Structure formats: C-alpha cells, structure tokens
1. Consider Asp166 carefully, then state whether it is open to solvent by 10 Å² or more (accessible area, probe 1.4 Å) and free of Cβ contacts under 8 Å to residues at least 12 places away in the same chain.
2. Can you tell me which residue in segment 230-254 is nearest to Val133 (Cα to Cα), limited to those that are open to solvent by 60 Å² or more (accessible area, probe 1.4 Å) and part of a loop (DSSP other than H, G, I, E, B)?
3. Which members of segment 194-229 meet the condition of being in a loop (DSSP other than H, G, I, E, B), open to solvent by 10 Å² or more (accessible area, probe 1.4 Å) and not basic (Lys, Arg)?
4. Count, please, the residues in segment 155-199 that happen to be in contact with a Leu (Cβ under 7 Å, 6 or more places away or on another chain) and among the charged types (D, E, K, R).
5. Taking only pairs six or more apart or across chains, which ones have beta-carbon atoms under 9 Å, a first residue in segment 266-287 that is without any contact (Cβ under 8 Å) to a residue 24 or more places away in the chain, and a second residue that is among the polar types (S, T, N, Q)?
6. Answer yes if at least one residue in segment 166-174 is at pLDDT 95 or above and more than 29 Å from Glu47 (Cα to Cα), and no otherwise.
7. Return yes when Phe83 is more than 18 Å from Ala235 (Cβ to Cβ) and surrounded by 19 or more Cβ atoms within 10 Å (Cβ to Cβ) and no when it is not.
8. So is Gly191 among the small types (Gly, Ala, Ser), open to solvent by 20 Å² or more (accessible area, probe 1.4 Å) and on the phi > 0 side of the Ramachandran plot or not?
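The values are calculated or read from the model by the stated rules, or taken from the named source; none is laboratory data. No experiment lies behind these values; they were computed from the predicted model shown. Reconstructed Cβ throughout: ideal geometry from the backbone, glycine too, with neighbour counts over all protein chains shown. All accessible areas refer to the heavy atoms of the entire protein, side chains included, with ligands and DNA or RNA removed. Shrake-Rupley method; radii C 1.70, N 1.55, O 1.52, S 1.80 Å.
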Amino acid sequence: MRSSVIYGDVFTRHDMEAHPESGARLRAALSGIPENVRWRAPVRATESDLQRVHDPRYVRWVREMATGTCFLDVNTYVTCHSFDAASYAAGSTFAAAERTLEGEHLFALVRPPGHHAEPDRAMGFCIFNNAAVAAAKALQSVDRVAILDWDLHHGNGTQTAFYGSDRVLYCSVHEENSFPKTGWVDEIGTGRGRGYTLNAPIAPGSTIADYALVFEEVFVPAITRFRPDVLIVSAGQDGLADDEHGRMNLEPDDYGVLAGMLIDGTDLPLALTLEGGYGPSIGEAIHAIFQALAGKRFEPVERPLNRGTRRVVDILKKVRFC
C-alpha cells in the first residue's frame with residue numbers, strides 16, 4: 001500500500017518563539033520522513049467545512065483575532081499567519097482521509113494541532129479541530145468514520161463533536177488525570193452515540209505493554225465491529241519518554257508498533273494527522289510510523305503491565321454499541 005505525506009511551509013508560519021507549539025517541532029518531525037515517501041501539497045478547508053464542527057461566530061472571531069499576535073486562551077496563541085495555517089491543517093487532514101478511500105496511507109504533518117479545540121473555543125494549543133472537521137466532511141459521502149487518538153492527552157474537542165453520534169467511533173488512550181482532565185472510562189457517549197466513545201485513561205509511566213493491551217483487546221476489536229469507511233488517527237507523539245510535557249515511557253519504535261497493529265487489525269489505510277509531540281526523538285517516532293505504513297512490523301519490547309491498565313481494559317470490554 002502506498003504512503004504519502006501532506007506538508008507545506010504554511011504550517012511553520014504559525015509560530016511564536018520560545019512557545020512549545022512552534023515551527024521548530026514540525027521541522028524535527030519532518031526529519032523522520034523517509035526519502036521514498038511521496039509529498040503532497042496542503043489543502044485549505046473552507047469556512048463551510050470548519051462550520052460543520054465549529055460555531056460560525058467562533059470561526060469569525062478567530063479570523064478577526066488573527067490579524068496580529070495574541071492569545072485566544074492561556075496557552076493558545078495566534079499570529080497573522082494562524083488562520084491560514086489552521087484552515088490548511090483542517091483541510092489537509094480531510095485530504096488525507098479522502099485519499100485513504102483510494103487505498104493510500106496519508107500522514108498530514110500539520111500545525112496547529114486540533115484535538116482540544118471545542119466547537120466554540122480554542123484550547124491546549126489547538127484552534128480548529130482538524131480530525132473532527134475531516135470526519136464531519138467525510139460523513140457527507142461515507143457512512144461511518146472511526147477516530148483513534150493516541151496523543152498523550154485526551155482529545156476533549158473531538159469527543160464533544162461526536163458524543164451523540166452513532167456514525168463516528170472515537171477511541172482515545174491517554175495519560176490519566178492529565179490535561180484537560182477529561183476522558184474517563186465512564187464517558188461513553190450519549191443518546192444515539194452511547195457506546196461510540198471509548199476512553200482508556202492509563203497511568204503515568206505506562207509503556208508499550210499498556211498501549212498494546214488497549215489496542216489488542218479494546219480498540220482494534222471495536223473498530224472491526226464498527227466497520228468504518230475511514231480511519232483517522234490523531235497522532236500525537238508526546239507519549240515519548242523524552243517528552244517533558246508528559247510522564248509516559250514510550251520509545252520511538254513503539255509508535256511503529258501501534259501503527260502496525262491498526263493496519264493489520266483493521267485492514268484499513270490510515271489517515272494520520274499530527275497532534276502533539278515535543279521531545280527530541282519525535283523524528284524517530286515519525287520514521288517508525290512510516291516504516292510501519294510501508295510494511296515493516298515492530299516487535300514490542302517486553303515491559304511490565306500496569307495493573308490499572310488491565311482494570312481499564314476489562315471495563316471497556318463491557319461497553320457495546322447500542
């Protein structure tokens with residue numbers, strides 16, 4: 001199966017010196033792209049695309065604020081380039097999802113990230129919710145979309161966007177009791193969406209043993225039962241042991257393990273979109289993911305399993321789609 005990367009310089013222009021969410025981290029991620037990967041140009045989301053998820057008043061407010069440098073909340077900034085960058089990030093994530101329908105793996109290496117952005121507010125470095133915008137647009141032409149989020153933090157905004165929907169399955173594994181303090185096991189959706197949200201909050205210090213158990217016993221079987229037309233991965237690599245923003249103990253090759261498990265377990269091409277990831281080994285993690293997309297399979301290093309992870313898995317295995 002072919003694999004490509006979507007990238008453009010527009011994503012580095014959303015930048016603030018000394019802020020962790022900077023153009024420098026994207027350049028570090030780019031260092032991991034193999035030479036034989038095809039590069040594709042970014043695609044801009046229209047305001048109509050954004051408004052499938054975001055309040056039109058919020059979209060207008062962001063555009064008005066992004067005429068200079070300021071903060072939308074305590075840690076999410078905009079500059080005069082940010083509205084363009086965020087629009088291209090959302091549009092490029094949809095472009096990745098769209099091309100998976102033709103049997104191609106795509107990684108949208110975009111900024112700013114998106115999974116914390118709520119329908120009516122910015123949050124956690126995120127302006128527009130890239131994965132949610134892509135899923136909402138994809139649902140105009142397909143029946144079901146699955147979103148798997150392996151970022152260190154829970155994707156509260158993505159969860160909110162589809163919490164009452166039975167057409168989107170949202171699966172998130174994340175560090176428990178960390179920002180934004182959401183994503184507990186009892187958050188499983190509401191109404192028609194009950195059972196279509198699966199949250200696996202696992203303990204700080206968790207390793208690939210914990211992540212692999214969640215994938216093998218909960219996420220992959222759930223995605224297989226759901227039978228999505230499109231699988232979007234909110235791919236944040238801030239679970240790396242050298243990332244100072246978290247307390248997880250993943251190694252770069254572990255992200256290759258996770259990507260391989262998804263491909264083999266679901267038999268679907270992946271549409272990945274960059275979320276977090278600020279450690280020095282992010283480029284190595286990106287490289288491992290592309291190796292997995294190209295067919296290489298990584299054997300997870302044997303690590304001790306946290307007892308709390310088994311409890312989370314046992315609870316989630318009882319959740320069923322209504």
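1. Answer is no for this residue.
2. It comes out as His245.
3. Once the filter is applied, which keeps residues that are in a loop (DSSP other than H, G, I, E, B), open to solvent by 10 Å² or more (accessible area, probe 1.4 Å) and not basic (Lys, Arg), segment 194-229 yields Tyr196, Ala203, Pro204, Gly205, Thr207, Pro228, Asp229.
4. Residues in segment 155-199 being in contact with a Leu (Cβ under 7 Å, 6 or more places away or on another chain) and among the charged types (D, E, K, R): 2 in total.
5. Asp267/Thr224
6. Yes, the conditions are met somewhere in segment 166-174.
7. Answer is yes for this residue.
8. Working: among the small types (Gly, Ala, Ser): yes; open to solvent by 20 Å² or more (accessible area, probe 1.4 Å): yes; on the phi > 0 side of the Ramachandran plot: yes.
Against the criterion (among the small types (Gly, Ala, Ser), open to solvent by 20 Å² or more (accessible area, probe 1.4 Å) and on the phi > 0 side of the Ramachandran plot), Gly191 qualifies.
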